[in-house]
Amino acid sequence: MTQPLLEISGLKTHFGVGGTTIRAVDGVDLVVNPGETVCLVGESGCGKSMMARSILRIVPPPGQVTAGQINLHRQSGKVVDLAALDPKGAEIRSIRGREVAMIFQEPMTALGPVQTIGSQITDAIQLHLKVSRKEARNQAIEVLTRVGMPRPEQRLEAYPFQLSGGMRQRAMIALALSCQPRLLIADEPTTALDVTTQAVILDLIRDLQAEMGMAVLFITHDLGVVAEIADSVAVMYLGRVVERAAVDDIFHNARHPYTRGLLRSIPRLGIRVGEELDTIEGMVPNPFNRPSGCSFHPRCVEMIPGRCDRVDPSRTRLPDGTEVRCLLHEPHRQETAPAGALQ
Amino acid sequence: MLAFMLRRFIYMVVTLFLVSILSFAIIQLPPGDYLSSMVAGMSAEGQQVDQQFINAMRDRYGLGDPVYVQYWKWISGIVLRGDFGQSFEWNRPVSSLIYERMGLTLLLSVATLFFIWAVAFPIGIYSAIRKNSFGAHLATLVGFIGLAIPNFLIALVFMYLSFRYFGQSVGGLFSPQYENASWSLAKVGDLIAHMWIPIIVLGTAGTATLIRIMRANLLDELNKPYVTTARAMGHPEHVVLLKYPVRVALNPFVSTVGWVLPGLVSGATITAIVLNLPMSGPMLLRSLLTQDMYLAGSFILLLSTLTVIGTLISDILLAWLDPRIRYS
């Protein structure tokens, strides 16, 4: 395997409110290889977005990256730990938009409302690529063409409120791709769009990725999207990655009870009327009041009484490369685990 | 944009026409007229008033005519000949009385408006981005004090300070030796030296209001996703702020011109009396008390014109600033 593009280890992003601390991201480990699509999945509030924002160091205050490393292999060959940079400093700014770019969830509000699409894109190009205004304009037209914006020259002069949701998201993607980043972070880019537009945007991201050879970190809670685009998958629960595996292993050989619960709760074709959909019991715990031991144990159907509520599982690497945080899979537990638990 | 401006201009003319009718009617509302209050005044002083004299006066000023004829005489004079009529009390053309005061009133108002903007803009931005800092709280405190203390009181304090510590002549816009002198560089300098007190006094409340408006607007905008986008694209922090959220937060800031300008012209009456400023406010007040109707009516018409022009300017500025207004 080649050198990874991004290596995150033990990343913690905490929000100190008054005397208490919300641990939004609490020890995440993740690797993104060049050209690869990694999907980050999990329920609302599990820390996916904050984890993505931590990479670019744009966590809103009072949030702070408090521990861990985010090693980015820069184009120059240099390795930088983004977690150690000053979030307002010049170095992180030279990475934002240039090497790591981000697409946001809300195309309605993620673009400046009183500037034209063109001015926002050319501003970014001129900031990073040091080209003339005219050249920046040409590149902006080119990137708008690339994201499938009809009549790109005219759209350059359009304001975001003049575009439909799908077109805005294309403009947003064009902005993110304007400086040819090597890593694109997409934070639920299709959630706010209707299903047809969703499919178009997904295809677009996939095509552009193949064309430009960039890596994509795709954040979503939609497992259908995951099946369609992911190379590998990381499942997050309460600020931690609980399972990380190749996409086929996730769908066919999920190890963590939480992942299996998520998969069971997908509505299937052929479900009978009146038949209930499987759900994961209970609610995501209040982040102020995190359960002891494994934070998933109160909702886990395979909970081992007396162990899961006391011992915090560590990261276990299985022979096929899957990494999982679960006592069922820790080596000294494996032989005594209940027979049904490993299927 | 041109069609927008034209449409606004037509609205403006219609509004002014309605205002002129309304202001004329309101002035006529109290019983009696200038002549009857003059006669009452003279009788009170024990003078004999000849009925023939009264009738002659009534004829001369057209006071016996029906209201709509009086209105027509007045408004047609203004529109067709620029003649605002004759002031009863001063026995001079209204236009010369008004122009005398309007120039300085406008100068002072515009200077105050720029003062308000220049102070409120940076402080407003500062107190939004450093929301809970000592400086922001200090700005809030000073702003609220400025808002809460009546202008005339601040005026008195400033008059005391300038007299006690700077040895300046107090009140008015000129030192005595320049009062009736013709315009020269020295007189302009003297004017500037006198202007700072009224500017600060008149501007304090407006500044405080605008600081709060700017702060609140910007706080709303600062957490919008597009600010995060700009930051995520690698723009330096000052560009992220000034180019994106501040641009949007400017809208209500600009739309305040509409009411700040006429507010300064008409609302400064008490301050103008205390500071003995040759502004329009005291004269309007006096003309209303004596039912000097052509003077009062013309004043009100001019103030309304200023209000409408202020609104027009702010509308045009807004449309220029915000494409969402321009295109819908």
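Data for the structure
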item: For q = 0.16 Å⁻¹, Debye-computed log10 I/I(0) when each Cα of the range A:44-104 counts as one equal scatterer; result: -0.50
item: Cα-based equivalent ellipsoid, the protein assembly as shown: semi-axes from gyration tensor eigenvalues, Å; result: 72, 27, 25
item: Given chain A, longest segment not containing exposed loop GluC sites (Glu not before Pro) (DSSP; at most 10 other Cβ within 10 Å); result: A:1-274
item: Cβ-based charge dipole, chain A, positive-most Cα from A:V38, A:P107, A:G118; result: A:G118
item: Assigned charges on the beta-carbon of Lys, Arg, Asp, Glu; chain B dipole about Cα centre (debye); result: 1280 debye
item: Selected from B:F158, B:M195, B:V248, residue furthest toward positive end of dipole (the range B:94-326; charges at beta carbon); result: B:V248
item: Shape parameters for chain A, alpha-carbon atoms, Rg then Dmax in Å; result: 21.2, 69
item: For the range A:1-24 versus the range A:74-148, the gap between their alpha-carbon centres in whole angstrom; result: 24 Å
item: Least to most buried among A:S9, A:S178, B:S304, A:S295 (fewest other Cβ within 10 Å first); result: A:S9, B:S304, A:S295, A:S178
item: Gain in span if fully extended, B:S133 to B:Q177, counting 0.36 nm per residue against the direct Cα distance; result: 11.0 nm
item: The range A:114-180 - convex hull of alpha carbons, volume per residue in Å³; result: 70 Å³
item: Antiparallel DSSP beta bridges within the protein assembly as shown, as percent of all bridges there, nearest 5; result: 65 percent
item: Ranking of B:Y11, B:Y68, B:Y226 by count of other Cβ atoms within 10 Å, fewest first; result: B:Y68, B:Y11, B:Y226
item: Charge tally in the Cβ shell below 15 Å around B:V13, where Lys, Arg are +1 and Asp, Glu are -1, B:V13 excluded; result: +1
item: The range B:1-40 pair-distance distribution - Cα-Cα, 5 Å bins, rounded %; result: 6, 19, 15, 13, 12, 9, 8, 7, 5, 4, 2, 0
item: Rg ratio (alpha-carbon, reference 2.2 N^0.38 Å) - chain B; result: 1.23
item: Candidates B:M195, B:M57, B:M233: whichever shows maximal mean-square fluctuation once chain B is modelled as a Gaussian network with Cα springs under 10 Å; result: B:M233
item: Local electrostatic count at B:G143 - Lys and Arg +1, Asp and Glu -1, tallied over other residues with Cβ under 10 Å; result: +2
item: Shielding by partners, peptide B:220-230 (average Cβ within 10 angstrom, other chains); result: 6
item: Modelled FRET efficiency - R0 51 Å, B:D59 with B:V110, Cβ distances, 0.05 increments; result: 0.75
item: Angle between chain B longest axis and helix B:2-28 axis [Cα atoms, degrees, rounded to 10]; result: 40 degrees
item: Distance violations [Cα-Cα > 28 Å] among B:K131/B:K243; A:K88/B:K243; A:K48/A:K130; A:K48/B:K224; result: A:K48/A:K130
item: Net charge of Cβ neighbours under 15 Å - reference B:I309; Lys, Arg +1; Asp, Glu -1; result: 0
item: Folded to 0 to 90 degrees: helix B:185-222 orientation relative to chain B principal axis, Cα; result: 50 degrees
item: Calculated Rg and Dmax of the range B:2-81 using C-alpha coordinates, Å; result: 18.4, 64
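Each value in this text was obtained by applying a stated rule to the coordinates, not by laboratory testing. Since we're looking at a predicted model, the values are computed, not measured. Virtual Cβ from ideal backbone geometry, glycine too; neighbours counted across all protein chains shown.
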